[in-house]
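Right, one structure below, let's go through it.
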Amino acid sequence: MQFLGYFRSSSSYRCRIAFNLKGVGYQFQSVHLKNGAQKSPEFTELNPQRLLPVLITDEGEALYQSLAILEWLDETHPTPPLLPSDPVARAKVRAFSQIIACEIHPLQNLRVLSYLRGELGLDEGAVNAWLARWLREGLEACEGHLAKEAHEGPFCFGNAPGLADICLVPQVFSAQRFGVDITDLTRVSAINAACQALPEFAAAHPAKQPDFEA
């Protein structure tokens, strides 16, 4: 398999965690978002949306959108599972993951921030206020949903990390990177710490990637 990603991309980060948890190897190709490599004709041919990540399977199929890639990975490499077997529990995990992947993350995406700075002419103070509003509000919602869960395990929905944790950790990293204070979100913070203690999560951290730039 060939995995096209970028060290700072949250959606690429999700996939790296899952690959590590599954013990699945891949050939990595960095697509430098800041330099606009995702806009090249070659990458556009793979993904007309010009977003990361892209996974090229051993059969040559190009898969895109991180949640779709993660579910494909779970279906083709079922151990350990990323989703629970119970249908209601699966729906809850998917919903939590979509809060992050569909509601929070898109508002911090590079193309959105470039639009705010460029075409709308917002200064850094206004851009930071935008980020703080949406990242904070979204993670507060995550904290609220986690508080409703009755289990006492260290992870989002049990005693083992799964799809929800895979989505949460990169989003916490983004909040920290953008200077959004979430230290009062105690359940989110505790789960993030429990995940970061695992070697599979630690190895997926942006600073550990071959294309890392300080």
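Bear in mind that the values in this text are calculations on the coordinates, not laboratory data. Source: prediction; values computed, not measured. Ideal geometry is used to build each Cβ from the backbone, glycine not excepted, and the neighbour counts take in all protein chains shown.
The table below gives the values:
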| read-out | value |
| --- | --- |
| Neighbour-count ranking [beta-carbon atoms within 10 angstrom, fewest first] of Asp181, Asp165, Asp211 | Asp181, Asp211, Asp165 |
| Around Pro154: net Lys/Arg minus Asp/Glu count, Cβ-Cβ under 15 Å | -3 |
| Sorted by Cβ neighbour density within 10 Å, fewest at the top, the residues Ser174, Ser97 | Ser174, Ser97 |
| Size of electric dipole in region 28-109: Cβ of Lys, Arg +1 and of Asp, Glu -1, about Cα centre, debye, nearest 20 | 440 |
| Where labels lie 7 Å past Cα in the beta-carbon direction, separation of Ala203 and Val127 in nm | 3.5 |
| Pairwise label distance in nanometres, Arg136 with Ala190, each label 7 Å out on the Cα-Cβ vector | 2.4 |
| Region 110-214 shape via C-alpha gyration tensor axes, a/c threshold 1.5 | oblate |
| Rounded to whole Hz, the Karplus (6.51, -1.76, 1.60) HN-Hα couplings of region 95-106, x for glycine and proline | 4, 4, 5, 6, 4, 6, 6, 10, 10, 8, 4, x |
| Gain in span if fully extended, Arg94 to Phe28, counting 0.36 nm per residue against the direct Cα distance | 21.1 nm |
| Under 5 Å, built H, 5+ apart or other chain: amide partners of Phe28 | Phe3 |
| Label point distance in nm, Ala62-Ala147, each placed 7 Å from Cα along Cα→Cβ | 4.5 |
| The chain, helix-only ellipticity at 222 nm - DSSP H runs n ≥ 4, -39,500 (n - 2.57), divided by all residues, nearest 500 | -15000 deg cm²/dmol |
| Length gained when the stretch Asp211-Thr183 is fully extended (0.36 nm per residue, less Cα-Cα span) | 7.2 nm |
| Table column - 3J(HN,Hα) (Hz), region 192-199, Karplus curve with 6.51, -1.76, 1.60, x for Gly and Pro | 4, 5, 5, 5, 5, 6, 8, x |
